[in-house]
Amino acid sequence: MRLNELSSRLSQWFCSESPLSDIVISSRIRLARNLAGHKFISRCDDREKQEILQTLKDAILSLDLLGDIFFVDIAGGSGLERDLLIERQLISRNLAAGKGPRGVVIATNELFAAQINEEDHLRLAVFAAGLNLDKCWQRINDIDDAIGRKIEYAFSPKLGFLTACPTNLGSGIRVSVMVHLPGLKMTDQLKKLFEAAKDMNLAIRGLFGEGTEAVGDFFQISNQVTLGISEEKTVEDFMTLIIPKIVEYERLARDRLMVKDANILDDKISRALALLKSARLISSHEAMFLLSNLRMGVNMGRIKEISIDTINELFLLTQPAHLQINKGQNLDPEQRDILRAETLRAKLN
């Protein structure tokens, strides 16, 4: 599969017909693993990185349970291709900016990705739309076991899976749920959420993971502790306690806006729609902000004529790399802003 085939379609994890999809965008479970008998990536030279890459690539591509998959050589790809994969949540910024041999195996349906030679030798990830962590866990556990039968992982009976970062030591699991929280933002309750998350050893990051800001009121909620906690317990806590409580708070905030600040709410939504339908120049950051307000308006029934699928599609199609790859040329910032505005007007009018 060529990467420009990905750039023109909506990711399957960005589906509007999934559990709690008005607030929960997607679920992801990631496992950090390293090969026995090799140094951590930060200590490897290019020869050893190439050996690790080839070993893991061969093992993963030989698995039958993954369906249609393909390999992308990150070291040999263009910066635009790397940016596209970041925008689609398939690789991290660390892998894109890394040095030496590295790559990623991706399922054609984009519900699985295996980054090779990121911070750890292997970062497995399984995705699903909405709140579907139990489904993600079952699938990634099967994949992890299948790979473990082909290679030997670095493992300690006392410490569990050995990882480059101590916070991943033990199970190596990182549970992450992407949520849309404009109601909490508008009612100035995000600070309370951040404080509660800190007390619960949770990390709250932006749309593109670690080190990114919360563009468009999208946040990734993930666990920070892996040692001494089973994978099943981590998944269960997110499924039954953490995410349902966040969803409840967001819905209460939206209800409060409907009752106490309906005019302010409708003004924000209407202004967003008007700008998106008429702007001639619009930045990526502004488009995300306005689309976030529009998404809230559609989910709250304040706008009837636009579908959530259209808004979800625009979140991806208006990202910088998507615009350039679909256009077939590199564009400077002003050209991207013009093309972004054209794309928005065409879809929304």
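The values are calculated or read from the model by the stated rules, or taken from the named source; none is laboratory data. Just so you know, these numbers come straight off a predicted model, no measurement behind them. Methodologically, a virtual Cβ is constructed for each residue, glycine included, from the backbone with ideal geometry; neighbour enumeration extends over all protein chains shown.
Tabulated data for the structure shown
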| read-out | value |
| --- | --- |
| Qualifying residue in the range 260-281 (condition: under 27 Å from Val175 (Cα atoms) and assigned to a helix (DSSP H, G or I)) | no |
| Output for the range 186-243, where each listed residue is on the phi > 0 side of the Ramachandran plot and either hydroxyl-bearing (Ser, Thr, Tyr) or at pLDDT 90 or above (or both) | Asp188, Asp217 |
| Residue list for the range 37-89, filter: small (Gly, Ala, Ser) and in a helix (DSSP H, G or I) | Ser42, Ala59, Gly79 |
| Output for the range 23-36, where each listed residue is assigned to a loop (DSSP other than H, G, I, E, B) and crowded, with 19+ Cβ neighbours inside 10 Å | Ile23, Asn34 |
| Matching helices (runs of 4 or more DSSP H) fully within the range 104-202 where at least 2 residues are without any contact (Cβ under 8 Å) to a residue 60 or more places away in the chain and of a type in the set (A, V, I, L, M, F, W, C) | 190-199 |
| Residues of the range 49-74 satisfying the condition of being over 22 Å from Ile173 (Cβ atoms) and surrounded by fewer than 17 Cβ atoms within 10 Å (Cβ to Cβ) | Gln50, Glu51, Gln54, Asp58, Leu61, Ser62, Asp64, Gly67, Asp68, Phe70, Phe71, Asp73 |
| Residue that is modelled with the lowest pLDDT [pool: residues in the range 7-22 that are buried (at least 21 other Cβ atoms within 10 Å of the Cβ) and farther than 14 Å from Ala125 by Cβ] | Phe14 |
| Leading residue by the ranking (farthest from Val126 (Cα to Cα)) among those in the range 147-195 that are among the basic types (Lys, Arg) and under 22 Å from the mean Cα position of the chain (by Cα) | Lys185 |
| Members of the range 328-346 that are modelled with pLDDT under 95 and either surrounded by 19 or more Cβ atoms within 10 Å (Cβ to Cβ) or not polar (S, T, N, Q) (or both) | Gly328 |
